[in-house]
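Presented below is the structure to which this report refers.
The values are calculated or read from the model by the stated rules, or taken from the named source; none is laboratory data. If you're wondering where the values come from, they're calculated on a predicted model, not measured in any experiment. Here Cβ is always computed from backbone atoms with ideal geometry, including for glycine, and neighbour counts include all displayed protein chains.
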Amino acid sequence: MAKPVRFKHKKKYVLPEPGTTPGFVYIDGNSLKPKINLYTFNASEFEVVEINSLKNIAAKTSNKDYFYWVDIKGLNSVELFNVFSDELKIHKLVLEDITRTYHRPKFEEYGGYNFAISRMLDIGADGGLENEQVSFIQTKNVLYTFQETYEDCLDAVRSRLKEGKGNIRIGGTGYLMYALMDMIVDSYFSILNEWSEDMDLIEDRLLSQPDRSVMYDTQLVKRNLIALRRVIWPERDKMNDILRTESDLISDQTKMFIKDAYDHCIQLMDMVESMKEIASSNIDMYLSVISNRMNEIMKVLTIISSIFIPLTFIAGIYGMNFSKQDPITGKVMPNNMPELYQENGYEYTLLVMAFIAVVQIVFFWRKGWFK
């Protein structure tokens, strides 16, 4: 029997205390030190450098002939967020949302910049769903991204940016933000395809040799699907908000591509709902298979019991040993088992019992109970 899946419970997010001042920037002591890469590009040029600090970042990104992407991985730096608050004049509520990494996907407009959140997903080694927040601050020439960890699924976008493929170097920060969001959404398809293959294997096990691990594995997939649905639903709303925005930072050309990402979200929602139904059906089928198996066992036991009940009845009667004659006084008791001392009574009794058993077996066979 396969070993049942052990669910790994994720750490709980630290929520602000009731009454905490809005805009409080929370730095988790277990978070990673920031690694910052500055991408500078236009239609013909591309450069990426690693920088140690964001001090004077406004001066470093002031050339209007270029677009910039500031890629920040790791949030354990008070100085980092002081630069955004004091130098770049980013609202404290935005900085709070960046550091409180439990927010649902959303898009918000502020004076001179846009703020957005996506959820980057990955399948962990234990089969659970890893859920990481990616935050975006978009200005006219600079896109800032924030991640909790050093790993991500955005290398394909970096390669396109380096090679200058498509509109990514000329579409501005709005198009770059779309490309990153679209890459995150496309990664959901890979996750769903992997779960779909798992569901096929589970279904094969269910039909061939069902055991308890089938139910555990199916429940794990269903649990992950629910978590994914909680991400895709607001992601779709976020794409819709971007399509409806009147911000000058999102061009009409970029909105055409956003429509495609919006369609992907709709498609993902349909896939998630379909797989949830399949998972529920597999659990119901497993319970039905177990119930049918129990019914078969109970039918066999019932047949055996039905055969031996009359035999046990006969054996019980002749096991009472009510003698016809008192062995001490010699008194004859005519109503006490006259056949107890009958010659060949043992053989006759066995033959009668065998005949009753054969008659019952033939009867059950004709009723179809042995099929």
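A few points about this structure:
- Residue selected from region 110-128 under the condition more than 23 Å from residue 62 (Cβ to Cβ) and surrounded by fewer than 20 Cβ atoms within 10 Å (Cβ to Cβ), by the criterion farthest from the chain's Cα centre (by Cα): 125
- Count of region 124-146 residues which are closer than 20 Å to residue 234 by Cα and β-branched (Val, Ile, Thr): 3
- Residue 159 vs. criteria exposed (fewer than 14 other Cβ atoms within 10 Å of the Cβ) and part of a helix (DSSP H, G or I): yes
- Index of the failed condition, residue 173 passing every other in (1) out of contact with any strand residue (DSSP E or B) (no Cβ under 7 Å at 6 or more places or on another chain); (2) within 30 Å of residue 141 (Cβ to Cβ); (3) of a type in the set (Val, Ile, Thr); (4) crowded, with 18+ Cβ neighbours inside 10 Å: (1)
- Condition met for residue 145 (closer than 18 Å to residue 104 by Cα and surrounded by 17 or more Cβ atoms within 10 Å (Cβ to Cβ)): yes
- Answer from 282, 292, 335 - the residue that is assigned to a loop (DSSP other than H, G, I, E, B), of a type in the set (S, T, N, Q) and either surrounded by fewer than 11 Cβ atoms within 10 Å (Cβ to Cβ) or in the same structural domain as residue 194 (by TED's automatic domain parsing) (or both): 335
- Whichever residue in region 313-346 is out of contact with any strand residue (DSSP E or B) (no Cβ under 8 Å at 6 or more places or on another chain) and of a type in the set (S, T, N, Q) and, among such residues, is nearest to residue 357 (Cα to Cα): 344
- Summed over region 194-213, the residues that are of a type outside the set (D, E, K, R) and over 15 Å from the mean Cα position of the chain (by Cα) give a count of 7.
- Residue selected from region 309-319 under the condition without any contact (Cβ under 8 Å) to a residue 24 or more places away in the chain and surrounded by 10 or more Cβ atoms within 10 Å (Cβ to Cβ), by the criterion nearest to residue 365 (Cα to Cα): 309
- Pairs, first closer than 26 Å to residue 323 by Cα in region 338-367, second acidic (Asp, Glu), C-beta under 6 Å, six or more apart: 345/339
- Within region 117-153, the residues that satisfy the criterion of being aliphatic (A, V, I, L, M) and either out of contact with any Leu (no Cβ under 6 Å at 6 or more places or on another chain) or more than 30 Å from residue 65 (Cα to Cα) (or both) are 117, 120, 121, 123, 125, 129, 134, 137, 142.
- Flag for residue 196 being within 30 Å of residue 274 (Cβ to Cβ), in a helix (DSSP H, G or I) and assigned by TED's automatic domain parsing to the domain that holds residue 269: yes
- Checklist (1) farther than 22 Å from residue 187 by Cβ; (2) surrounded by 16 or more Cβ atoms within 10 Å (Cβ to Cβ); (3) touching an Asp or Glu at 6+ places or on another chain (Cβ under 6 Å) applied to residue 261, failing item: (1)
- Residues within region 304-325 that are modelled with pLDDT under 85, out of contact with any Ser or Thr (no Cβ under 9 Å at 6 or more places or on another chain) and β-branched (Val, Ile, Thr), tallied: 1
- Search result, residues across region 204-222 that are surrounded by 14 or more Cβ atoms within 10 Å (Cβ to Cβ), more than 17 Å from residue 190 (Cα to Cα) and either of a type outside the set (Ser, Thr, Tyr) or at pLDDT 85 or above (or both): 205, 206, 210, 211, 214, 215, 217, 218, 219, 220
- Of residues in region 39-80 being farther than 11 Å from residue 161 by Cα and among the charged types (D, E, K, R), the one surrounded by the most Cβ atoms within 10 Å (Cβ to Cβ): 71
- When the strands (runs of 3 or more DSSP E) confined to region 67-126 are screened for residues that are in contact (Cβ under 8 Å) with a residue 24 or more places away in the chain and more than 16 Å from residue 138 (Cα to Cα), those reaching at least 3 such residues are found at 113-123.
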